[in-house]
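S.K.: I am attaching a structure below and will ask some questions about it afterwards.
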């Protein structure tokens with residue numbers, strides 16, 4: 001099992017924007033910038049669906065997701081891969097709604113996307129780039 005470390009969690013919190021990649025059943029890639037995302041636990045991410053039409057379609061057809069985060073300036077970063085599920089009610093969805101409403105009261109999130117992380121890779125430039133660390 002991949003474990004999201006405290007260092008990685010801080011990096012995600014500080015990043016501001018996450019790059020979220022999905023693909024169709026046939027492998028056509030799609031990448032979006034996402035502001036409303038956070039680490040839920042040692043192996044899960046919460047991504048809030050406000051306007052993710054293509055991303056949600058892809059997840060329904062192919063649940064594999066990659067999330068890339070990096071620190072501005074020194075480019076320290078990680079890529080998290082796993083399977084996603086979509087929830088439009090419940091505790092996690094409510095948490096996502098609260099996240100969005102704090103910044104944009106007029107936006108009504110459609111769903112929460114929960115990614116169960118099964119592997120983590122270094123994206124920091126250097127000798128460890130691409131190395132699996134979780």
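Taken together, the values in this text are just the output of simple stated rules run on the coordinates, not laboratory data. These figures come from a predicted structure and were not determined experimentally. Cβ atoms come from the backbone with ideal geometry, glycine included; neighbour counts cover every protein chain shown.
S.K.: Show me the three semi-axes of the equivalent ellipsoid for region 47-97, from the C-alpha gyration tensor (sqrt of 5 times each eigenvalue), largest first, rounded to whole Å.
M.R.: Semi-axes, largest first: 24, 15, 10 Å.
S.K.: Continuing with this model, one more query. Could you work out the helix-only [θ] at 222 nm for the chain, with each DSSP H run of four or more residues adding -39,500 (n - 2.57) and the total divided by the number of residues, to the nearest 500 deg cm²/dmol?
M.R.: The per-residue figure over the chain is -7000 deg cm²/dmol.
S.K.: By how many degrees, between 0 and 90 and to the nearest 10, does the Cα long axis of helix 91-103 differ from the longest principal axis of the chain?
M.R.: Once rounded, one gets 90 degrees.
S.K.: Over the Cα atoms of region 11-60, each weighted equally, I'd like the Debye log10 I(q)/I(0) at q = 0.16, 0.25, 0.28, 0.29 Å⁻¹, rounded to two decimals.
M.R.: For region 11-60 at q = 0.16, 0.25, 0.28, 0.29 Å⁻¹, log10 I(q)/I(0) is -0.48, -1.00, -1.12, -1.15.
S.K.: Between residue 101 and residue 53, what FRET efficiency comes out of the Förster formula 1/(1 + (r/R0)^6) with R0 = 25 Å and r the beta carbon distance, rounded to 0.05?
M.R.: Here the calculated transfer efficiency is 0.75.
S.K.: Here is a further query. Just to confirm the number: angle between the C-alpha axis of helix 6-15 and the first principal axis of the chain, 0 to 90 degrees, nearest 10?
M.R.: It works out to around 60 degrees.
S.K.: What ranking of 133, 97 emerges when the number of other C-beta atoms within 10 Å of each C-beta is taken as an exposure proxy, fewest first?
M.R.: Ascending Cβ contact count within 10 Å gives the list 133, 97.
S.K.: If I take every Cα pair under 8 Å that is 6 or more residues apart in the chain, average their sequence separation and divide by the length, what percent do I get for the relative contact order?
M.R.: 28 percent
S.K.: Is region 61-134 rounded, prolate or oblate when judged by the Cα gyration tensor, a ≥ b ≥ c being the square roots of its eigenvalues, rounded requiring a/c under 1.5 and prolate requiring a/b larger than b/c?
M.R.: oblate
S.K.: Additional query: Just to be sure I understand, if you calculate semi-axes √(5λ) of the Cα gyration tensor in Å for this structure, which of (i) 23, 18, 14; (ii) 41, 15, 10; (iii) 18, 17, 16 do you get?
M.R.: Of the listed options (i) 23, 18, 14; (ii) 41, 15, 10; (iii) 18, 17, 16, (i) comes from this structure.
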